[in-house]
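Asks: Quick one: the structure is below, and I'll ask about it shortly.
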Amino acid sequence: WISTKRHKSSKPSCQPRYRLISKNPSHNNNHTFPKAMAKYIFVTGGVVSSLGKGIISASIGKLLQARGYKITIQKFDPYINIDPGTLNPYEHGECYVTVDGMETDLDLGHYERFTGIQTTKANSMTTGRIYKSVIDKERHGDFLGKTIQVVPHITDEIKNNIKYLGETGLYDFVITEIGGTIGDIESAPFLEAIRQLKWELGKDAISVHLTYVPYLRAAGELKTKPTQHSVKEMLSYGIQPDILILRTEKHLDDNMRMKVAGFCNVDLECVIQSEDLPSIYEVPVNMQRQGLDSAILRKMGIPVGETPQLGPWLHFLELRNSTTEVVNIGLVGKYNLQDAYKSISESLSHAATYHHHKVNITFINSEFLSSENIEEKLSNQDGIVICPGFGQRGIEGKILAAEYARTHDVPCFGICLGMQMMVIEFARDVLGYSDANSSEMDSQTPHNVIDMMEDQKNISNMGGTMRLGAYDCQLMKNSKVASIYGKETIRERHRHRYEFNNKYLDEYEAHGMKCTGRNPESGLVEIVEMPELKWYIGTQFHPEYQSTVLHPHPLFMSFIAAAIGC
Ligand code: GLN
C-alpha cells in the first residue's frame, strides 16, 4: 500500500482542505470543502519509556469517538525491523495481529480494545518499512538522479504514510503515536516530519506530549524539571507541544500545573495529569474529567459543545469496581513478562468483569512445570489457559498442564500452540502414541499429529510469512463452540505455521476429542473440544485479538463462566 506514486512533497496550502464528518449533527460544520480530510494528533513521549502513550492515544480516540467523530489510531515505531513479528516477546511484548495479517506492536491492541475500531497494515509503520520503501523507489529509478537523504526523502515518506489514512476521507481525526522516547537518535526523522506537518497544516495538527513527573520520596517533592527538559528537547526539534500530559504517582496541585504551563509555553487547561489508576480503563474517564478532549478541540479551532456521557464504558468500570468475587486463572506460558500475553490477560479481564468477577491471573512458567509440582501449581486454579508460543522451550510443561486439566476436568483454554499441546497430549495419553509431537519440535517424529502447513514448506524468510490474519471458520452444528458463538460461521485471526494433521482426525473424534471448527476451504482444523468435559477447548486461532471492552469475546465469556462454575 506504500504506493510509488505517492512520492511528492506535500506543499503547504492556504486553502481549507477538509470537512469534518461527525455523526453528531451538532458537531458538523456547515462549510462544504471539496474533500473530506482529517485532522492530525501526534502523541510523543519524553523522559522515560513505558509511560503509556498507547493508552493515552487510545483514550483520546475513545473520547473523540464519544463526541461522534470518526477516528483511527496509528503507531509509528522508530526501529529498523520491518515489523515486530520476528521480535522476542522479552524485547517487545506481545505481537498483535490485525485482521489483514500485519504483525504489529501491542499498542494496536489497546487501540482496538478501547475504541472497537479495526486496525490494518496502514495503522502500523516502522523505520524499517519507511527505508525499505524509499530504497525500493530509488532502485526503481523514481527519484530521477537525486541524492537520497533523510531530509527530505525519508521525512517525506513518513509524512505520506502519516497522511495515508487521513486522505481516505474516512476519518475526522488520525491519531499518530510515535514509539520510543524524545531524544532517541532513531526518533529524529519522525519529529522532523511532525514539525513539517504542523507547519503545513496549522491548527489541523497538534502535538500531545506525555512526560513523567517523578516523586522524590526523600525530598517529599514532585519534580517538574524532567518535563521542562523534555519540552526543551521537543523545541529543539522545532515542535512546541500543544498539550502536555504528566504521568505522576501523586496528585499535582494547580501551582505545579501552572509552573509547568509557564515553563513550557502551554495553556494551563492543556496541562493534564495522568495519575496512576487502578486500571488502564479508568484513563479515558480521568482524561475526560480534566477536559483533554475539549482542550484538543479548542486547540484545533473546533466548537467544543457538551461533554458526552461515556455510558457503556462507565457501566463496565462500575462492574469492575463493584465486584469482590475472584476467579483464579493459571496462565501457562514461557514468558514471565506482563506484556507477553497482553491481549489474553485483557480478554480474561473483560470477560470476568461482565461475570461480576475480578480475574486473578497467576503466571505459571511451563519450563518449570513437572509431574512433581503440577498439583501444587494448578490445583488452586479455577481455569487454565495454555498460551501461544514458538519453539521447544517449555512445551513439555504445557503438555503436562493439558493433561492435568483434562484428567481433573478443570476448564482449560488452549490458544494456538496451547491447542497444539492439547492435541499432542491427547495423542500420547489417549491414542497411545507416546512419541507424538509437532514437527516444529521434532521433525522426525513418527506421529506428527501437528504438522507444518503445506504452503509453509518452501518458505525460507521468517518475517511476515506465517498464516496471518483473519480466516473463516465453519463450526460444527450442535457443538459447544457453535452454541458459544451463537452462529456457525466465524472469522478469527491467526498467526501460525503448523496445523492439526488431518490424517489423525477420525481417531481423535472416535476417542472423544472433536474437531468442531474447520476452515471451509482447506479443511484445516481450527478448533478442538472435548464435549464430555466441562470446558476443554483449543483454538488454532487467537480469539484474544478480538475482545474489546464493550464486546468481550464469547469464548472468553464462556470460559470464565465455566471457571466460576456457572
Ligand atoms: N508455533 C506454533 C505454530 O507456528 C504456534 C504459534 C502460536 O502459538 N502463535 O504453528
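Asks: Working only within the stretch 460-475, note down all residues that are away from the ligand (no atom under 16 Å from the Cβ) and surrounded by fewer than 19 Cβ atoms within 10 Å (Cβ to Cβ).
Replies: Hits for the stretch 460-475 are Asp472, Gln474.
Asks: Just to check your reading of the model, which residue among Met37, Met125 is among the aliphatic types (A, V, I, L, M), closer than 21 Å to Ile158 by Cα and at pLDDT below 95?
Replies: It is Met37.
Asks: OK, next. For the stretch 466-482, enumerate the residues that are of a type in the set (A, V, I, L, M), more than 22 Å from Gly389 (Cα to Cα) and assigned to a loop (DSSP other than H, G, I, E, B).
Replies: Met476
Asks: Suppose we filter Gly463, Gly432 for residues that are within 20 Å of Asp100 (Cβ to Cβ) and part of a loop (DSSP other than H, G, I, E, B); which single one remains?
Replies: On the way: Gly432 fails: within 20 Å of Asp100 (Cβ to Cβ).
It is Gly463.
Asks: Right, next: List every residue pair whose Cβ atoms sit under 8 Å apart, with the two residues 6 or more apart in sequence or on different chains, where the first one lies in the stretch 273-288 and is in contact (Cβ under 8 Å) with a residue 24 or more places away in the chain and the second, anywhere, is of a type in the set (Asp, Glu) and part of a helix (DSSP H, G or I).
Replies: Met287/Asp293
Asks: Given the conditions (1) within 16 Å of the ligand (Cβ to nearest atom); (2) part of a strand (DSSP E or B), report the number of the one that Asp455 does not fulfil.
Replies: (2)
Asks: Given the criterion surrounded by 21 or more Cβ atoms within 10 Å (Cβ to Cβ), part of a strand (DSSP E or B) and of a type in the set (A, V, I, L, M), identify the matching residue among Ile194, Ile245, Ile239. Let's see the steps before the verdict.
Replies: Details: Ile194 fails: part of a strand (DSSP E or B); Ile239 fails: part of a strand (DSSP E or B).
Only one candidate qualifies: Ile245.
Asks: Looking only at the stretch 306-356, which residues are more than 22 Å from His553 (Cβ to Cβ), touching a Lys or Arg at 6+ places or on another chain (Cβ under 7 Å) and not charged (D, E, K, R)?
Replies: The answer is Pro308, and nothing else.
Asks: Looking at the stretch 323-333, can you tell me whether even one residue there is of a type in the set (A, V, I, L, M) and within 16 Å of the ligand (Cβ to nearest atom)?
Replies: Within the stretch 323-333, one or more residues are of a type in the set (A, V, I, L, M) and within 16 Å of the ligand (Cβ to nearest atom).
Asks: Check Phe363, Phe316 and return the single one that is under 30 Å from Ile484 (Cα atoms), of a type outside the set (Asp, Glu) and not in a strand (DSSP E or B).
Replies: Phe316
Asks: Which of the residues belonging to the stretch 252-297 are of a type in the set (S, T, N, Q) and within 32 Å of the chain's Cα centre (by Cα)? Outline the logic, then answer.
Replies: Here is the first cut: in the stretch 252-297, the residues of a type in the set (S, T, N, Q) are 255, 265, 273-274, 279, 286, 288, 290, 294.
Correct list: Gln273, Ser274, Ser279, Asn286, Gln288, Gln290, Ser294.
Asks: Determine the pairs where a residue that is within 17 Å of Gly414 (Cβ to Cβ), located within the stretch 501-516, has a partner that is of a type in the set (Lys, Arg) and surrounded by 15 or more Cβ atoms within 10 Å (Cβ to Cβ) with Cβ atoms under 9 Å apart, the partner being 6 or more residues away or on another chain.
Replies: Going by the 9 Å Cβ cut-off, the qualifying pairs are Tyr508/Lys514; Lys514/Lys480; Thr516/Lys480.
Asks: I'd like the full set of residues that are of a type outside the set (Val, Ile, Thr), outside any helix (DSSP H, G or I) and buried (at least 19 other Cβ atoms within 10 Å of the Cβ), limited to the stretch 121-178.
Replies: Hits for the stretch 121-178 are Ser124, Met125, Leu165, Tyr171, Asp172, Phe173, Glu177.
Asks: Within the stretch 249-269, how many residues are under 24 Å from Leu314 (Cα atoms) and of a type in the set (A, V, I, L, M, F, W, C)?
Replies: Residues that pass the stated criteria total 0.
Asks: Name, by its number, the condition in (1) closer than 29 Å to Ala295 by Cβ; (2) in a loop (DSSP other than H, G, I, E, B) that does not hold for Leu108.
Replies: Among (1) closer than 29 Å to Ala295 by Cβ; (2) in a loop (DSSP other than H, G, I, E, B), Leu108 violates only (2).
Asks: Among the residues in the stretch 529-536, are any buried (at least 20 other Cβ atoms within 10 Å of the Cβ), of a type in the set (Ser, Thr, Tyr) and over 24 Å from the mean Cα position of the chain (by Cα)?
Replies: Within the stretch 529-536 (the criterion being buried (at least 20 other Cβ atoms within 10 Å of the Cβ), of a type in the set (Ser, Thr, Tyr) and over 24 Å from the mean Cα position of the chain (by Cα)), the answer is yes, since at least one residue qualifies.
Asks: Still on this structure: Are any residues in the stretch 505-533 among the hydroxyl-bearing types (Ser, Thr, Tyr) and within 16 Å of the ligand (Cβ to nearest atom), and if so, which ones?
Replies: Ser522
Asks: Which residue is surrounded by the most Cβ atoms within 10 Å (Cβ to Cβ), if the candidates are limited to the stretch 432-452 and must be under 17 Å from Gly389 (Cβ atoms) and away from the ligand (no atom under 12 Å from the Cβ)?
Replies: Checking each candidate, the answer is Asn437.
Asks: Counting just the residues of the stretch 384-431 that are β-branched (Val, Ile, Thr), buried (at least 24 other Cβ atoms within 10 Å of the Cβ) and closer than 22 Å to Gly565 by Cα, which one comes out nearest to the ligand (Cβ to nearest atom)?
Replies: Looking at the filtered set, the residue picked out is Ile415.
Asks: Among the strands (runs of 3 or more DSSP E) confined wholly to the stretch 484-566, which include 3 or more residues that are in contact with a Gly (Cβ under 9 Å, 6 or more places away or on another chain)? Break it down stepwise before answering.
Replies: On the way: elements: 489-496, 498-500, 514-518, 525-529, 536-539.
The strands (runs of 3 or more DSSP E) meeting that bar are 489-496, 525-529, 536-539.
Asks: Now a separate question. Restricting to the stretch 487-504, and then to whatever is under 21 Å from Leu468 (Cβ atoms) and of a type in the set (Asp, Glu), can you tell me which residue is nearest to the ligand (Cβ to nearest atom)?
Replies: Glu499
Asks: Right, next: Just need a number here: residues in the stretch 537-551 that are under 20 Å from the mean Cα position of the chain (by Cα) and within 16 Å of the ligand (Cβ to nearest atom).
Replies: 8
Asks: Given the criteria within 20 Å of Glu177 (Cβ to Cβ) and of a type in the set (Asp, Glu), does Glu138 qualify?
Replies: No, not satisfied.
The values are calculated or read from the model by the stated rules, or taken from the named source; none is laboratory data. Remember, it's a predicted structure, so these values are computed and weren't measured experimentally. FYI the Cβ positions are ideal-geometry reconstructions off the backbone, even for glycines, and counts take in every protein chain you see.
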